[in-house]
Amino acid sequence: MMTGFKIGDVELNNRVILAPMAGVCNPAFRLIAKEFGAGLVCAEMVSDKGILYENERTMQMLYVDDREKPLSLQIYGGSKETLVQAAQYVDANTNADIIDINMGCPVPKVTKCDAGAKWLLDPDKVYEMVHAVSQAVDKPVTVKMRTGWDSHHIYCVDNVRAAEAGGAKAVAIHGRTRSQKYEGVADWNIIGEAKRAVTIPIIGNGDVQTPQDAKRMIDEIGVDGVMIGRAALGNPWMLYQTIQYLESGTLSVEPTPREKIDICLLHAERLVALKGEDLAVREMRTHVAWYLKGLSGNGHVRKALFDTNTHTGLQKLLHEYVETLEMNAVHA
């Protein structure tokens, strides 16, 4: 039976963590992940400048529903002063439990302002930034990083040591370099080397597509927790199944089409409440396609989504689809 672990003074009741995915990990999706048992949910990354300029969209991204806790809020930025000020704002004005610093984002608009994965080239910078932030706040500080900048610059072990020395209470490592983005295969061995080099918890991320992958990563690599990202898109059952599998060794049953559509509709309802009908329905098109993955005859629904602009229209489309599926199953 596997129990959770602690990040600083924050108790996680299991080892399964929802990764911070940009454009996805808003309160509507995070709450579903929490209801499916995730031990920790991470909010999508927020720019330090956006916080300091009190940009309206950024401020909305700092909202945390109490039901989501424990929650980690991720910030990024290139200058020590602004990153520290943003962390202090999050520390004082949000009910997040953990402040995470992004050192993994491969997107050029982030790396060219000397943020995200850019730090992976310089362990001294990792130490300096983490130390400055962790000294300035009360909440535990963690880091999310990649193994390296590219295959020639993999300083993962040094970077993790630097983060620990700077006061980080845990590090999540995506087993790819910045230049790999999301391609190729995640290198779990480097994560294992980093784990053996420090005493703080290490969370493994990358290519955890099944509950069995998660168990293998914990057993073979020795990580304290697994971070699940893309495998949970449209499939929060993956989180629940992984927790069950780690705790009891049994695989729970796959959801029925009706269960999938019900959660998809709940997701839509929460997103509408959060962002308003227009934006929510547009954003849900991508999510609906993820929820429909593997369900038969979903092509026409995916096409019809692009002509659907209202919440009622979306509900009607999905209800009709699942009813057709169930009728076909009866007559099969």
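Data for the structure
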{"read-out": "Selection from the range 160-206 of residues that are acidic (D, E), buried (at least 18 other Cβ atoms within 10 Å of the Cβ) and within 20 Å of the chain's Cα centre (by Cα)", "value": "D187"}
{"read-out": "Every residue from the range 76-93 that is closer than 23 Å to M21 by Cβ and modelled with pLDDT under 95", "value": "Y76, G77, G78"}
{"read-out": "Residue selected from the range 8-24 under the condition open to solvent by 10 Å² or more (accessible area, probe 1.4 Å) and part of a strand (DSSP E or B), by the criterion farthest from A214 (Cα to Cα)", "value": "V10"}
{"read-out": "Residue within the range 241-260 that is touching a His at 6+ places or on another chain (Cβ under 9 Å), within 19 Å of L325 (Cα to Cα), in a loop (DSSP other than H, G, I, E, B) and open to solvent by less than 70 Å² (accessible area, probe 1.4 Å) present", "value": "no"}
{"read-out": "Residue list for the range 127-143, filter: among the hydrophobic types (A, V, I, L, M, F, W, C) and in contact with a Lys or Arg (Cβ under 9 Å, 6 or more places away or on another chain)", "value": "M129, A132, V133, V141"}
{"read-out": "Residue in the range 99-116 that is within 19 Å of the chain's Cα centre (by Cα) and either farther than 22 Å from Y182 by Cα or not assigned by the TED database to the domain that holds P20 (or both) present", "value": "yes"}
{"read-out": "Selection within the range 25-53 - open to solvent by 10 Å² or more (accessible area, probe 1.4 Å), within 19 Å of L274 (Cα to Cα) and part of a loop (DSSP other than H, G, I, E, B)", "value": "E44, M45"}
{"read-out": "Unique residue being in contact with a Phe, Trp or Tyr (Cβ under 9 Å, 6 or more places away or on another chain) and in contact (Cβ under 8 Å) with a residue 60 or more places away in the chain when the list is A172, A214, A165", "value": "A214"}
{"read-out": "Every pair of residues 6+ apart whose Cβ atoms lie under 7 Å, when the first sits in the range 284-313 and is open to solvent by 90 Å² or more (accessible area, probe 1.4 Å) while the second is hydrophobic (A, V, I, L, M, F, W, C)", "value": "R302/A289; R302/L292; N309/V281"}
{"read-out": "Hits in the range 131-151 (condition: over 21 Å from the mean Cα position of the chain (by Cα) and modelled with pLDDT under 95)", "value": "D150, S151"}
{"read-out": "Test for E56: is it modelled with pLDDT of 95 or more, assigned by the TED database to the domain that holds A170 and charged (D, E, K, R)", "value": "no"}
{"read-out": "Of the criteria (1) closer than 18 Å to D9 by Cα; (2) part of a strand (DSSP E or B), which one M145 fails", "value": "(1)"}
{"read-out": "Single residue of T312, T324, T308 found to be of a type outside the set (D, E, K, R) and outside any helix (DSSP H, G or I)", "value": "T308"}
{"read-out": "Criterion (free of Cβ contacts under 8 Å to residues at least 60 places away in the same chain and surrounded by fewer than 16 Cβ atoms within 10 Å (Cβ to Cβ)) met by exactly one of Y76, Y127, Y63, Y89", "value": "Y63"}
{"read-out": "Exclusive hit being in a loop (DSSP other than H, G, I, E, B) and either hydroxyl-bearing (S, T, Y) or in contact with a Pro (Cβ under 9 Å, 6 or more places away or on another chain) (or both), set A168, A162, A117", "value": "A168"}
{"read-out": "Among the candidates L239, L325, residue that is under 21 Å from Q209 (Cβ atoms) and either out of contact with any Pro (no Cβ under 9 Å at 6 or more places or on another chain) or in contact (Cβ under 8 Å) with a residue 40 or more places away in the chain (or both)", "value": "L239"}
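The values are calculated or read from the model by the stated rules, or taken from the named source; none is laboratory data. As the structure is a prediction and not an experimental result, all values here were calculated from the model. Cβ coordinates were reconstructed from backbone atoms using ideal geometry, including for glycine residues, and neighbour counts include every protein chain displayed. In case anyone asks, the SASA skips ligands and DNA or RNA and just uses the protein heavy atoms, side chains included. Shrake-Rupley method; radii C 1.70, N 1.55, O 1.52, S 1.80 Å.
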